[in-house]
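Structure record follows, encoded as structure tokens.
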């Protein structure tokens, strides 16, 4: 870790208290630019899947790079409109009729929202003559955990690719304009070949089913980042080249000037995020285990407990100490509240070699910018942490934490 970043994270912990989420603006901008540059196909549109991190400072930063937004709820759509997003894709799944109809109404009023239908039924719920997208569920899925694979026979998402002809009958009967098709295969994928396989499936669907009004093909997101020091990042140049070449050939074959769309969520923000926590206790046990207890827990970062996810940990305040094996544990009243997880595919707690940890040290969990704060809760009646944007050398509060009294007062009502 660079000394300037380490110093900024220590400053954040001291200035705003711990635990605290810190997002590095420079990393967010660089990731957005690198992806945009890697896809050389000229007619393209990037969206940010804001479910990964909806902090207003983060989303504003991404909008500033030219991205639109992918939203999955009425709340996200209203937020996106408030922030001035020029284009919004509303990808709904099993939502209530009231919510669906509210977004359809907003789409008509603003002209900024595409409705992405997740089922044949939802296509039939659109007003006659509406322009829309349809989400297709093909046989190729992928992801770092079963829970995040969003294509294939086990997936709840999208219109099965075998049922596309049936969906098109509804499109015709409702006089809908199917301007876009969408496929999202999962999350945390770093293999270019898997994206290529999924892309070919979607293009094969389009070859078999001629869509007269088609303007946009959305190949989703799911671009993974390395969480372990031993992991390699996706070959972004190869990824962009594969997409651009294959889509260019398809457009030429189809005789159509189409737009290529992507909707990354994790990729722009994961590596930009850090969760800084303070060491409260150090417990040596007779079972050859040393537990380092910090002032955060899975109520703030649930990924290790939920997915067995690995998050690299750095001792900010004693980086050169003698290395020792530790279990880093949170302050939640659950045995699963362990941040150090194994390197395998299991979900078991494991020790982690860290420079000597002392009471009062500041530890940082890396790659916490995606699916961190957005999945946080007030479990055990502990407030969520504040969020801070690191803009150059300046630390800016992006969302304050509730006080204990505020949280209790809100609970009482």
Original post:
Looking only at the stretch 281-336, which residues are within 21 Å of residue 386 (Cβ to Cβ) and in contact with a helix residue (DSSP H, G or I) (Cβ under 7 Å, 6 or more places away or on another chain)?
Top reply: 298, 299, 302, 311, 316, 317, 332
Subject >> Selection count where residues are under 15 Å from residue 85 (Cβ atoms) and modelled with pLDDT under 95, scope the stretch 104-132 >> reply: 0
Original post:
So residue 402 clears everything in (1) surrounded by fewer than 18 Cβ atoms within 10 Å (Cβ to Cβ); (2) in contact with a helix residue (DSSP H, G or I) (Cβ under 9 Å, 6 or more places away or on another chain); (3) part of a loop (DSSP other than H, G, I, E, B); (4) modelled with pLDDT under 95 except one condition, right? Which one?
Top reply: (4)
**OP:** Considering each of 33, 45, 25, 14 in turn, give the residue that is under 19 Å from residue 258 (Cα atoms) and at pLDDT 95 or above.
**Re:** 45
**OP:** Would you confirm whether any residue within the stretch 359-379 is part of a loop (DSSP other than H, G, I, E, B), within 20 Å of residue 273 (Cβ to Cβ) and without any contact (Cβ under 8 Å) to a residue 40 or more places away in the chain?
**Re:** no
Subject >> Index of the failed condition, residue 408 passing every other in (1) surrounded by 14 or more Cβ atoms within 10 Å (Cβ to Cβ); (2) over 26 Å from the mean Cα position of the chain (by Cα) >> reply: (1)
Original post:
Across the stretch 1-50, what is the number of residues that are in contact with a helix residue (DSSP H, G or I) (Cβ under 7 Å, 6 or more places away or on another chain) and touching a residue at least 40 places away in the same chain (Cβ under 8 Å)?
Top reply: 19
**OP:** May I ask you to verify whether residue 61 is part of a helix (DSSP H, G or I) and either outside the structural domain of residue 223 (by TED's automatic domain parsing) or within 17 Å of the chain's Cα centre (by Cα) (or both)?
**Re:** yes
**OP:** Write out, first by first residue and then by second, each pair whose Cβ atoms fall under 7 Å of each other, whose residues are 6+ apart or on separate chains, and whose first residue, in the stretch 282-304, is under 19 Å from residue 315 (Cα atoms) while the second is at pLDDT below 95 and assigned to a strand (DSSP E or B).
**Re:** 304/341
**OP:** Being touching a helix residue (DSSP H, G or I) at 6+ places or on another chain (Cβ under 9 Å), outside any loop (DSSP other than H, G, I, E, B) and in the same structural domain as residue 222 (by TED's automatic domain parsing) narrows it down to one of 248, 244, so name that one.
**Re:** 244
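Just need a number here: residues in the stretch 197-234 that are farther than 27 Å from residue 171 by Cβ and outside any loop (DSSP other than H, G, I, E, B).
1
The values are calculated or read from the model by the stated rules, or taken from the named source; none is laboratory data. Fair warning: this is a prediction, and the values are worked out from it, not measured in the lab. FYI the Cβ positions are ideal-geometry reconstructions off the backbone, even for glycines, and counts take in every protein chain you see.
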